[in-house]
1. May I ask for the longest run of the chain untouched by GluC sites (Glu not before Pro) that are loop-located per DSSP and have at most 11 neighbouring C-beta atoms (other than their own) within 10 Å?
2. Net charge around Ile31, counting only other residues with Cβ within less than 12 Å of its Cβ (Lys, Arg = +1; Asp, Glu = -1)?
3. Taking only DSSP H segments of four or more residues, each worth -39500 (n - 2.57), what value at 222 nm results for the chain once the sum is divided by all its residues, to the nearest 500 deg cm²/dmol?
4. Working out 0.36 nm times the residue gap between Lys156 and Met53, then minus their Cα-Cα distance, what length gain in nm do you get to one decimal?
5. Provide the percentage of antiparallel DSSP beta bridges, counting only those with both residues in region 44-148; round to the nearest 5.
6. In Å², what does the accessible area per residue of the chain work out to with a 1.4 Å probe?
7. Number of Lys-Lys pairs in region 94-199 under 20 Å by Cα, sequence gap 8 or more or different chains?
8. Kyte-Doolittle cut-off 1.6, length cut-off 24 Å along the helix's own axis using Cα: show which whole DSSP H helices in the chain pass.
Amino acid sequence: MHYLFEKGASYGKKLLLLHGTGGDETSLVEIARYLDEEATVLSFRGTIQESGMNRFFKRNGLNQFDLVSLEEESDRLIQMILSVSEKKGIQLEEWVIVGYSNGANIAAHILLERHFAIKQAILLHPMSLGVDSQNFPLSDKKIWLSVSENDPIVSKEASDQLIQQLKNRQATVTIMPTNSGHQITMDEINQAKRWLSER
């Protein structure tokens, strides 16, 4: 799995970036630098190709997810995070995930379905993938997410379902409503930056 690693200041945040469909390991770096210019950045490229576009797991059409691929790629991503973190001497608890769309979706899935030490995430336009097989508490997780009222890809039902899944498991969830479709706006990034600075 291709990844980019840029070491920041010792006092900077540790940001783990997961791009949206068609992105790569560089797509969210500018946003990460805006969130914290002194951050250490670890950014992965999804291994799945869909019509030449990078993704983190397969789908069989819009919002028709391949759940076997989802589980396999979740485990692959976890192993890569563990490997790079150990190599770089960074504790898992130090990472804050910053995920967009497809990257936000696999991040939310891992937080919900795996016992994983990462505790904080900024999820831009995520949705529920319809998997809800675990019941261990997420009371140590703090999640900021943005939800658009007119998102052509993520329905209100899908975003509401994810929020409810997280809340049902006692995660602390901060929700930012937008009306920007599926695009990331500066208002979202500024709100996420404010949230991150308080952690």
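The values are calculated or read from the model by the stated rules, or taken from the named source; none is laboratory data. Please read these numbers as outputs of a predicted model, since none were measured by experiment. Reconstructed Cβ throughout: ideal geometry from the backbone, glycine too, with neighbour counts over all protein chains shown. We work out accessible area using only protein heavy atoms, side chains counted, and drop any ligands, DNA or RNA first. Shrake-Rupley method; radii C 1.70, N 1.55, O 1.52, S 1.80 Å.
1. The longest such stretch corresponds to 39-148.
2. -2
3. Computed mean residue ellipticity for the chain: -10500 deg cm²/dmol.
4. 34.5 nm
5. 30 percent
6. Ligands and nucleic acids excluded, the result is 46 Å² per residue.
7. 9
8. The answer is none, since no helix passes both cut-offs.
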